[in-house]
Amino acid sequence: MRPISDTIARLSRMQMPQGSIQSVPDRLADLPGVARNPGALRARIYVPADLAPGAALVVALHGCTQTAAGYDHGTGWSALADREGFAVLFPEQQRSNNANLCFNWFESADIARTGGEAESIAAMIDAAIAAHGIDPARVFVTGLSAGGAMAAVMLATWPDKLAGGAIIGGLPYGGATGVPQALDRMRGAGAPGDAAAAATARAAGAGATGRPRVSVWHGTADTTVVVANLDRLIGQWRGVHGLPDAPTATRSGTGWEHRSWDADGVTLVEEWRIAGMGHGVPIDPGATDGVGAAGPFMLDVGLSSTHAIAASWGLTGEAASTPRAEPAAAAATTTTEPTLAPRPARRLEPVVETVPTETPGVQQTIERALRAAGLMR
């Protein structure tokens, strides 16, 4: 049952402003053969022409008001897939599920292992593996905002299908049920403690094997999903992995700080804190090997999260040359990462769709709530 969000969605559908979705090149194809789709999502995919058997799969989840093609255009995942030989699956939200194309990360029916959007995404992964000879041990998930929150859902509910995940401007798993709680959590209020959040994530995948590696990205100037959610995500996944409070290593570069938590020489949890960045995906399209394109919620800050995330998963030739975290004894040592910040940081704040000032009072109230929740731009 979705009484509150259904009411908001129905009203916003009737009066929703047009033109919030960019027209961009669409490099994606529909993925056939999805056996189960209880969440009624659309399955889209990008497969390089020379994809080899046993290749990796990245699952990329767009944010509110975005489409799969738009998210791909901004982040550059398919362009990187062409270079490095992996496939990218793009589950896409439908307006019939959410008027503003947000994944329903705050709806109990959609964030359980079975019966909703999480199961649909898991079934799409199965279909992609079967159709394209993907290595089941090399499947990863990433997403922005509501897509980042849904990436956390997948890491918690289907850990047996995922080797790792990257959450950008997102929220912890299981912290909100319904719109009022979602609003509170996005503002940094009322979140469960780290131990309780970790227990919730572990319970979601009860009976499943595996504990995926987790990377969390957030801008310090994010006013849509405040940076406190980065700390809550790190606390949740440190708890899942049984890691201590203190990081194994800290390093920094132009406009960013990176902390990592290791076990047996493997980074299991890491955070990227981007100074002064608002709500969006950090990209660096102007670099020599740059991918993606600046635009709404695609922020050119001189740091490509797409490259860095893919490298951390071993999907690019950069992995071997990327400096690893320092040993525990040198945890306070700071190092620079020239390959990730080759140019001075540039900041492009997200473009926000405005609402006409003559909007009627009831509609204005609804739209203010939607925008505050990140469910409308």
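The values are calculated or read from the model by the stated rules, or taken from the named source; none is laboratory data. Keep in mind that what you see is a predicted model, and the values were worked out from it rather than measured. Backbone-built Cβ (ideal geometry, glycine too); neighbour counts: all protein chains shown. To get the accessible areas, we keep the full protein, side chains included, count just its heavy atoms, and leave off ligands, DNA and RNA. Shrake-Rupley method; radii C 1.70, N 1.55, O 1.52, S 1.80 Å.
At-a-glance table
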| quantity | calculated |
| --- | --- |
| Residue in the range 57-74 that is surrounded by fewer than 24 Cβ atoms within 10 Å (Cβ to Cβ), modelled with pLDDT under 95 and part of a loop (DSSP other than H, G, I, E, B) present | no |
| Subset of the range 35-52 (residues that are open to solvent by 70 Å² or more (accessible area, probe 1.4 Å) and under 11 Å from ALA127 (Cα atoms)) | ALA35, ARG36 |
| Selected residue (only one of GLY39, GLY54 is at positive phi, part of a loop (DSSP other than H, G, I, E, B), touching an Asp or Glu at 6+ places or on another chain (Cβ under 6 Å) and touching a residue at least 12 places away in the same chain (Cβ under 8 Å)) | GLY54 |
| Boolean, SER78 is touching an Asp or Glu at 6+ places or on another chain (Cβ under 6 Å), modelled with pLDDT of 95 or more and either open to solvent by 10 Å² or more (accessible area, probe 1.4 Å) or not in a loop (DSSP other than H, G, I, E, B) (or both) | yes |
| Top-ranked residue in the range 190-227 [being within 22 Å of LEU144 (Cβ to Cβ), more than 16 Å from the chain's Cα centre (by Cα) and of a type outside the set (Val, Ile, Thr); ranked as surrounded by the fewest Cβ atoms within 10 Å (Cβ to Cβ)] | ALA221 |
| Conditions (1) touching a residue at least 60 places away in the same chain (Cβ under 8 Å); (2) open to solvent by less than 10 Å² (accessible area, probe 1.4 Å); (3) of a type in the set (A, V, I, L, M, F, W, C); number of the one not met by ALA109 | (2) |
| Residues satisfying the stated conditions in the range 104-123, i.e. in contact with a Phe, Trp or Tyr (Cβ under 7 Å, 6 or more places away or on another chain) and in a loop (DSSP other than H, G, I, E, B) | ILE111, ARG113 |
| Selection from the range 180-189 of residues that are within 18 Å of GLY169 (Cα to Cα) and either surrounded by fewer than 16 Cβ atoms within 10 Å (Cβ to Cβ) or of a type outside the set (A, V, I, L, M) (or both) | GLN181, ASP184, ARG185, ARG187, GLY188, ALA189 |
| Matching residues, the range 237-281, being at pLDDT below 95 and touching an Asp or Glu at 6+ places or on another chain (Cβ under 7 Å) | GLY253 |
| Selected residue (criterion: most open to solvent (accessible area, probe 1.4 Å)) from residues of the range 124-148 that are assigned to a helix (DSSP H, G or I) and small (Gly, Ala, Ser) | ALA130 |
| Top-ranked residue of the range 149-172 - restricted to ones that are closer than 16 Å to GLY116 by Cα and over 12 Å from the mean Cα position of the chain (by Cα), ranked as surrounded by the most Cβ atoms within 10 Å (Cβ to Cβ) | ALA156 |
| Those residues of the range 42-51 which are part of a loop (DSSP other than H, G, I, E, B), free of Cβ contacts under 8 Å to residues at least 60 places away in the same chain and of a type outside the set (Gly, Ala, Ser), in sequence order | PRO48, ASP50 |
| Segments classed as strands (runs of 3 or more DSSP E), wholly inside the range 229-294, with at least 1 members that are surrounded by fewer than 22 Cβ atoms within 10 Å (Cβ to Cβ) | 249-253, 256-263, 266-274 |
| Residue pairs meeting the criteria (Cβ under 6 Å; at least 6 apart or on separate chains; first at pLDDT below 95, in the range 305-327; second assigned to a loop (DSSP other than H, G, I, E, B)) | PRO323/THR335; ALA325/THR248; GLU326/THR333 |
| Within the range 304-317, tally of residues that are in contact with a Gly (Cβ under 7 Å, 6 or more places away or on another chain) and crowded, with 24+ Cβ neighbours inside 10 Å | 2 |
